[in-house]
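Below is one structure, written out as structure tokens; the observations come after it.
Read the figures in this text as sums done on the coordinates, not as results from a lab. Since the structure is predicted, the reported quantities are computational estimates derived from the model, not experimental observations. Using ideal geometry, Cβ is built from the backbone for each residue, glycine included, and neighbour counts are taken over all protein chains shown.
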Amino acid sequence: MTSVARRVLKWIELPDSQQGNRWTNEDLEPVPPEKQTWGAFQYVELWFLVNMNISSYQAGSSLLAVGMTWWQAIIVILVGDFFASCFTVLNSISGAISHLGYPIVSRSVWGMWGSYFAILNRILLSVVWYGVQAVIGGKMIYICLRAIWMDLDDRIPNKLPEKIGITSAQFTGYFFFNVLCACLIWFKPQQLRPYFHVGSWLVLITMISLLGWACGTNKGYGSILHAPASISGSSLAWAMCSGIMSTIGSIAAGILNQNDYTRFAKRKSQVTWSQGISFNLSSAIIHIVGIVVTAATQQQYGKGTPLWDPSQLFKAMQDQGGSGARAATFFLAIVFIISQLSINVPGNVLAGGLDVASVFPKYINLRRGAYILAILSVAPNPWQQLASGSTFLSVLSAYAVFLGPFIGLLCIHFYVIQKRQFHVADLYTGNKTSLYWYYYGVNWRTAVAWVCAVVPSLPGFLHSVNPSIKVSIHAQHLSDLSFMVGFFLACFNAYVLHWFFPYDYDKEIFGEEIAGTSEVGIFEESVKPKAVAYRDV
């Protein structure tokens, strides 16, 4: 390494990095007691903000497109949300008990080096989803600017190719949305509580008001609420199964790293019922609002065409209404911007920033990692990907083929294999003395379990990415159950492999005098946090 490179690395080295330990920095340490400040109400607010976004608003369109009626689509979404909330709570408790984030918990499952595979997968998803949600949020900035200057497209003439799916004026909105994200990224998760307080109530009140307005001023509900189902029997059943998996898949990346937020919890009980209720309630509200508002405005503003994209609806309202309509769309767009910031910053970039920090903890903390992800999100050209509409989003949802096994492995390890125990010191020790070193830093049992859980659903996933790839109808049906199949197969495979090739966690963690005794406290004040064995209470 040249002297210049060494000076650069020394310059960017974090001031709080621990010399000689490449596995930790301040953001990766267990959350200390004074920062465990999140109560049940914070998790209610978090899910109301995260779930009430434009992607959720549009969720009904893909289900109606395959031939379901509006009420069948709502049933599918509600069932999917119920299962998603169960998996969310199940994977949250490890963070609430240990106060460790997803990258660190992954080390106990995959091994110190093996965890990089799980972490890099989550980073990739964060980059892609951040870009997608930023483009959608940018459209709402565009609506705000257009409400002020109706000739915005003339003021900012389009210089971009039509095929990329975004105009110069809309790209301006995308740029300003990223500026807003950059401002929020500066704050750490525990500092965003005031934003959750205000934003959650504002979004909830606005969505209910939008629903009331649409129902009160509509000129007919059009085809959305009156069209009969075009599929029935087994075709309908499999379509509903696919829709349920798609609903879970759309939030699966958030389920995977939810302990990045539950690590701030005051008590374990505060992340269970609060998330279960708020997840289902908030998701039900936004999905119903999306379907009913689109139906109620189909005739008046869509001229018979359902406007599932709220930016298109607001644009039509501006064109057909006067100054009052422009003012209404301005404030509606502001609220949607708040909701998009909520799914993008806490849901994608801050969680992903912690993942990046775990890869290079000596030089990157959560804030730096978040900014790196935001910059990288431009690389996949998300505006061009969204030009293909629902196809691209369905492919992202189908990525649950891989995420289901990841989540299953975290759960089976925490609850069954490791018996709700972490030896925290060893999660920051990258050599053979660490309990989680396994075999050359990799838990091969976990790797085998993950591969065996993914393979059955892989042909169907490839077909969803590229329909020209022909697979059997049975493979497609298996893919329709991808998340569930992957989750439970991973749990079964990991349990069986650890049964036949056992790894003695109890003896190594607690010693002969403690192993097998009653449950111990979460945190002992007399011992440094990294020397404590955490366990459920």
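Some notes on this structure:
- Each of Lys266, Lys163, Lys303 has some number of other Cβ atoms within 10 Å of its Cβ, and from fewest to most they run Lys163, Lys303, Lys266.
- Dividing the mean sequence gap of close Cα pairs (under 8 Å, 6+ apart) by how many residues the chain holds gives a relative contact order of 28 percent.
- Overall Cα dimensions of segment 284-382, principal axis frame, Å, largest first: 57, 29, 24
- Extension gain for Glu162 to Trp213 (0.36 nm times residue separation, less C-alpha to C-alpha distance): 14.9 nm.
- In plain terms, the residue of Met150, Met207 with the fewest other Cβ atoms within 10 Å comes first and the most crowded comes last, giving Met150, Met207.
- Whole-angstrom gap from segment 210-257 to segment 362-384, using each part's C-alpha centre: 32
- Each 5 Å bin from zero holds the following percent of Cα-Cα pairs in segment 126-221: 2, 11, 13, 16, 19, 16, 13, 8, 2, 0.
- Here the gap between Thr433 and Gln191, fully extended at 0.36 nm per residue and compared with their Cα-Cα distance, gives a gain of 83.5 nm.
- Cα Rg, Dmax, segment 18-100, angstrom units: 19.0, 61
- Residue order, fewest to most beta carbons within 10 Å, for Thr305, Thr329, Thr262: Thr305, Thr329, Thr262
- From the largest down, segment 41-535 spans 77, 50, 41 angstrom on the principal axes of its Cα atoms.
- Remark: segment 179-224 projects, on average over all directions, an area of 5.2 nm² (convex hull of Cα atoms).
- Among Tyr439, Val76, Gly353 - extreme Cα towards positive end, dipole of segment 41-535, charges at beta-carbon: Gly353
- Evaluating 6.51 cos²θ - 1.76 cosθ + 1.60 at θ = phi - 60° for every residue in segment 98-108, the Karplus couplings come out as 8, 6, 10, x, 4, x, 6, 4, 4, 5, 6 Hz, glycine and proline recorded as x.
- 222 nm mean residue ellipticity, helices alone, for the chain (DSSP H n ≥ 4; -39,500 (n - 2.57); rounded to 500): -20000 deg cm²/dmol
- FRET efficiency for the Val179 to Phe500 pair, using the beta carbon distance and R₀ = 45 Å, is estimated at 0.25.
- The phi-based Karplus calculation (6.51 cos²θ - 1.76 cosθ + 1.60; θ = phi - 60°) puts the 3J(HN,Hα) values of segment 133-141 at 5, 5, 5, 5, x, x, 5, 6, 4 Hz, whole numbers, x for Gly and Pro.
- Note on segment 349-489: Rg/Rh from C-alpha atoms, Kirkwood Rh, equals 1.04.
- Working note: Karplus 6.51/-1.76/1.60 with θ = phi - 60° gives segment 48-60 the couplings 5, 6, 5, 7, 8, 10, 5, 4, 5, 4, 8, 4, x Hz, where Gly and Pro are set to x.
- For a label point 7 Å along the Cα-to-beta-carbon line of Met150, residues of segment 291-321 with backbone N under 16 Å: 314-321
- Glu34-Leu281 pseudo-label distance in nm [points 7 Å out on the Cα-to-Cβ vector]: 3.4
- Estimated FRET transfer efficiency (Val378, Ser468; beta-carbon r; R0 25 Å; 0.05): 0.30
- Kirkwood-Stokes translational diffusion coefficient of segment 60-171, alpha-carbon pairs, 37 °C, 0.692 mPa s, µm²/s: 176
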